[in-house]
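Single-structure report; data block below.
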Amino acid sequence: MSRKDVVIHSDREIEGIRRAARATAAVLADLAAYVAPGLSTLDVDRRAAELIRDCGGESAFLGYGGFPGCICISLNDEIIHGIGRAGRIIAPGDLVSMDVGVRIDGFVGDSARTVCAGGPPEGQKAALLRATEESLAAGIAMACGGRYVNDISAAVEAVVRRCGFSVVRDFVGHGCGRSLHEPPEVPNFAQRSPGARLQPGMVLAIEPMVTVGSHRVEIDRQDRWTVRTADGGLSAHAEHMVLITRDKPEILT
Ligand code: MG
Ligand code: MG
């Protein structure tokens, strides 16, 4: 395994990553409480822009590969990479996935969660959100020094399958810290090979994208960003950044 397969951060870098991750978590928590029926997805994006500015950071997504939003906001069958729009009004019961990236002093935080607008989710929506959070927790539990990336991938997939849902295969988690996307990739489904060995100082963004129906996805032909389920079924997304240590994983977001 070449050294390029993983990024090991120094203690000084980890301090910077911790600050960026903490700011990311605070912004996401605020947005999760703010989201409500009647708001447009652009309202949420604008609030995110203010919050990120207030914490002394900048959006890690704005302009990334040409992305036009401050955060990604994706509703219902939209899985990831949705763009805030003035005409897109959030309705009661909508599943709202928010993905936030904050850069501070050259370090990056990346975290996502999905909430139900206007009240607690019911039925299948509740089951989907629970499966997504539980699969993320199962993946995080495997993020320990001495294990392998595939231990995370297999743990995430096992929970999602047990709950009767599917995991997206075309988009994956990743290393994160100095830049938004660093090696290694962290798939949400089991691989044939164990993948990179987890070592103290690695920071991974683990991010299951879970669908009610097929795992197949389509990218919006107009905006070329929004990723939707191919079958129009509901989806949810959750993401935490985790520091690999000698023993227990440390959730940074
Ligand atoms: Mg993210
Ligand atoms: Mg990510």
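Once segment 89-111 is narrowed to residues that are without any contact (Cβ under 8 Å) to a residue 60 or more places away in the chain and not hydrophobic (A, V, I, L, M, F, W, C), the residue that is farthest from ligand 1 (Cβ to nearest atom) is P92.
Residues that are within 16 Å of ligand 2 (Cβ to nearest atom) number at least 2 in the following strands (runs of 3 or more DSSP E) confined to segment 152-253: 173-175, 182-186, 203-206, 209-211, 235-237, 240-243. If you check G177, G173, G145, G201 for being touching a residue at least 24 places away in the same chain (Cβ under 8 Å), in contact with a helix residue (DSSP H, G or I) (Cβ under 6 Å, 6 or more places away or on another chain) and within 24 Å of T245 (Cβ to Cβ), only one passes: G177. Going residue by residue through segment 161-183, is there one that turns out to be β-branched (V, I, T) and over 14 Å from the mean Cα position of the chain (by Cα)? Looking through segment 161-183, none of the residues is β-branched (V, I, T) and over 14 Å from the mean Cα position of the chain (by Cα). Considering (1) in contact with a helix residue (DSSP H, G or I) (Cβ under 8 Å, 6 or more places away or on another chain); (2) closer than 17 Å to T229 by Cβ; (3) surrounded by fewer than 21 Cβ atoms within 10 Å (Cβ to Cβ), the lone condition that A127 does not fulfil carries the number (1).
Within segment 168-195, being farther than 20 Å from F107 by Cβ and within 16 Å of ligand 1 (Cβ to nearest atom) holds for V168, D170, F171, V172, E185, P187, N188.
Scanning segment 65-95 for residues being of a type in the set (A, V, I, L, M) and within 13 Å of the chain's Cα centre (by Cα) gives a total of 4. For segment 236-253, the criterion of being exposed (fewer than 15 other Cβ atoms within 10 Å of the Cβ) and under 17 Å from H9 (Cβ atoms) is satisfied by at least one residue.
Residues that are more than 12 Å from ligand 2 (Cβ to nearest atom) and under 10 Å from A23 (Cα atoms) within segment 103-112 comprise R103, I104, listed in sequence order. So H9 passes all but one of these: (1) in a helix (DSSP H, G or I); (2) more than 20 Å from G119 (Cα to Cα). Which condition number does it fail? Of the numbered conditions (1) in a helix (DSSP H, G or I); (2) more than 20 Å from G119 (Cα to Cα), the odd one out for H9 is (1).
Considering (1) surrounded by fewer than 17 Cβ atoms within 10 Å (Cβ to Cβ); (2) at negative phi, the lone condition that R224 does not fulfil carries the number (2). Residues that are within 16 Å of ligand 1 (Cβ to nearest atom) and not charged (D, E, K, R) within segment 196-213 comprise V203, L204, A205, I206, P208, M209, V210, listed in sequence order. When the criteria are applied in full, R85 meets the requirement of being surrounded by fewer than 22 Cβ atoms within 10 Å (Cβ to Cβ), of a type outside the set (S, T, N, Q) and touching a residue at least 40 places away in the same chain (Cβ under 8 Å). Going by the structure shown, is L234 closer than 23 Å to L204 by Cα and in contact (Cβ under 8 Å) with a residue 12 or more places away in the chain? So L234 fails the test.
Taken together, the values in this text are just the output of simple stated rules run on the coordinates, not laboratory data. Note that the structure is a prediction, hence the values are computed from the model and not measured. Glycine also receives a Cβ, built like all others from the backbone with ideal geometry; neighbour counts cover every protein chain displayed.
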